[in-house]
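A.B. asks: Structure below; questions to follow.
The values are calculated or read from the model by the stated rules, or taken from the named source; none is laboratory data. Owing to the predicted nature of the structure, the values given are computational and were not obtained by experimental measurement. No Cβ is skipped: glycine too gets one built from the backbone with ideal geometry, and neighbour counts run over all protein chains shown. Note: accessible area is taken over every heavy atom of the protein model, side chains too, but ligands, DNA and RNA are not part of it. Shrake-Rupley method; radii C 1.70, N 1.55, O 1.52, S 1.80 Å.
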Amino acid sequence: VGGGIALANNNPDFEGYSAPSGRRAWVATAYDETGTSSATVKALCAKHVRTVIRHKSVSLPELAQPRTATARCPKHTRVIGGGYVESDGYHDYPSASYPVGKSRWKATSFRTQTGTTAITSYAICLK
């Protein structure tokens, strides 16, 4: 029903993304230019829980201000988790990923290079 990533603080690591991968897995990436750090990805699972995953993408224009993608749960469901994926995890920098109210998940990022990419927010919704 959720997950996340923990980065070691011994070097300038940064998270690439952290999001659901289908209904039974969690995927995340991290980057470390020195090759000496580590990251731990965790998945939170529950039996007999019915969920639906919704997503919303927005473009990240080159060298622009942060943009936010907000995924919304369907009516009569509520958000219990979420995450995000950036199409260029190396040059896009996440600044937020969190629930908003009872039915939305917000993810914010900005781009530091030329070219346009995207960020996708995921909401895990309890039926």
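A.B. asks: Which condition from (1) under 22 Å from LYS102 (Cβ atoms); (2) modelled with pLDDT under 90 is the one that SER87 breaks?
C.D. replies: With respect to (1) under 22 Å from LYS102 (Cβ atoms); (2) modelled with pLDDT under 90, SER87 is out only on (1).
A.B. asks: If you don't mind, another one. Please go through the stretch 25-38 and pick out each residue that is closer than 17 Å to VAL85 by Cα and either of a type outside the set (Phe, Trp, Tyr) or at pLDDT below 80 (or both).
C.D. replies: Selection gives ALA25, VAL27, ALA28, THR29, ALA30, TYR31.
A.B. asks: To continue, here is another question. Does the stretch 25-47 contain any residue that is under 11 Å from ALA123 (Cβ atoms) and in a loop (DSSP other than H, G, I, E, B)?
C.D. replies: no
A.B. asks: Restricting attention to the stretch 23-50, and to residues there that are open to solvent by 50 Å² or more (accessible area, probe 1.4 Å) and in contact (Cβ under 8 Å) with a residue 60 or more places away in the chain, which single residue is farthest from THR117 (Cα to Cα)?
C.D. replies: Checking each candidate, the answer is VAL49.
A.B. asks: When you look at ALA96, is it more than 17 Å from TYR17 (Cα to Cα) and at pLDDT below 95, yes or no?
C.D. replies: Taking the combined requirement at face value, the residue does not satisfy it.
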